[in-house]
Amino acid sequence: MYSTDTRSLVRKHIFIALKGKTNGHKFLAQALQLGSIAFLSEKKQQINNIIVVKNTLIAMIYTASNFIKQSINQRIAITGSNGKSCVKSLVFLILKNCSSIESVFAIPKNYNNYIGFSKSIYSISHKKKQAIFELGMNHTGEIKTLSTILNPTIASITSIGNAHSKNFSKYLDIIKAKMELFDSLPNKCIEIVNINSNTIKSRCKNNTNCKIFTFGKLPWVDIQYMHLNKLFIVIFQNKFSKINFPLNNIHIFENSINALSISLSIGIDFALASKCLEYALPIPGRIFPIFLYNNIIILDDSYNSSPESIRVGIKTLTFINAKRHILILGPIAESQPNYMKSIIESIQHSNIHISIFFNISLKNISSKIYSLNRVIWANNISTLARILPLLLKKKDVILLKGSRKYHIERVAYYLSKLYKQKY
């Protein structure tokens, strides 16, 4: 296979000398000593088995693209502002149980750079027949390029919100950037369309050579879903299935419908796929439940944060039966100046009893905050540690939300120690 870094180079791999912060051409001799069998370079060297190209990065991307197009039959691309990792994990769960774990590959994490994306392609075994990719982005054009490399046969956009809003002047630009996935699809592919999202529905590709597979709450879609009295029901081709989720997690349920749509669109059995979803495990840092004594539950959603993901988290929090719903909100890394206004509106329209704002600058706070039920300020983790033991009661459910760069997950660790995690 291929390597671009001598620190992680494996014997008999091909070494690609890339130019960046460090010039890989300086390490060709070291790569030879470490056991590389061939080399991709922009300069001629006195080394055997060296291939000279004009641009090693373009050559790396081109060969990765050719490799996956020729070796993987079903290439699934997932993007969106929220839920990408969850949908990817759920699709992998279904496919590995309904086909064969030996034939399914899921990208370890989302990449919005071409080097990481290409290297992940090179790591795919020739035994794999299905590959699931999570496409991230920070700027316009990134998803289009990643999609061109992958040439997906199935594509899904989970949602479009204000994530990465610092890099875009207006929301319409975020929509265009996310929709690059559908806009760049080849013919004869499958688009998974969430009919509940007017943005995605109105902008899906109008191409008669592409199959549109729809899901939503309306009766005419391919997969219809509903939740009645905390009961989750899915209907497909006049068959229905009841799915049980821990804590009646509405967030996991809605992502599950997306994953189910992807799986059914390639012929997986409806009953088997639905049953697989009941064994889905939550992902740490992504509305991950932590059960404490006194029936206190923490929903750790500290992996990342945006106004849209906060709204999703609040919806999930208030959907769970609890004596009190408590929100602990930390800073957002990528946001526009007035981001707190929309968040406070979401809190206003929810059943949140206590809102704790952690390490958030006062200049970002909207005047609407004074209309909330109960508000507590904490400047740092030490302050929060003094407040929480006096505040929490039996059967409280706490949503812990904030960008991971601020290490808000330490609050979950502290509470787990204080109240002794049950399991």
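I'm trying to understand the selection: among the residues of the range 38-61, which are surrounded by 13 or more Cβ atoms within 10 Å (Cβ to Cβ), within 16 Å of M1 (Cβ to Cβ) and out of contact with any Leu (no Cβ under 8 Å at 6 or more places or on another chain)?
Matches in the range 38-61: A38, L40, I61.
Yes or no: I310 of a type in the set (V, I, T), at pLDDT 85 or above, buried (at least 16 other Cβ atoms within 10 Å of the Cβ) and not assigned by TED's automatic domain parsing to the domain that holds N97?
Answer is yes for this residue.
In the range 1-93, which strands (runs of 3 or more DSSP E) lie fully inside it and hold 2 or more residues that are in contact (Cβ under 8 Å) with a residue 60 or more places away in the chain and in contact with a helix residue (DSSP H, G or I) (Cβ under 8 Å, 6 or more places away or on another chain)?
In the range 1-93, the matching strands (runs of 3 or more DSSP E) lie at 74-79.
How many of the residues making up the range 323-343 are modelled with pLDDT of 80 or more and either buried (at least 19 other Cβ atoms within 10 Å of the Cβ) or of a type in the set (S, T, N, Q) (or both)?
7
Confirm whether T145 is within 29 Å of F15 (Cβ to Cβ), over 15 Å from the mean Cα position of the chain (by Cα) and either assigned to a loop (DSSP other than H, G, I, E, B) or modelled with pLDDT of 85 or more (or both).
yes
Filter the range 257-278 down to the residues that are out of contact with any strand residue (DSSP E or B) (no Cβ under 7 Å at 6 or more places or on another chain) and polar (S, T, N, Q) and list them by number.
S263
In contact with a helix residue (DSSP H, G or I) (Cβ under 6 Å, 6 or more places away or on another chain), closer than 28 Å to N304 by Cβ and either hydrophobic (A, V, I, L, M, F, W, C) or not in a helix (DSSP H, G or I) (or both): is that true of C98 in this structure?
no
Select, from G35, G20, the only residue that is in contact with a Lys or Arg (Cβ under 8 Å, 6 or more places away or on another chain) and surrounded by fewer than 19 Cβ atoms within 10 Å (Cβ to Cβ).
G35
The values are calculated or read from the model by the stated rules, or taken from the named source; none is laboratory data. Small disclaimer: the values here were computed from a predicted structure and weren't measured. Because the Cβ atoms are built from the backbone with ideal geometry, glycine has one as well, and the counts that use them run over all protein chains shown.
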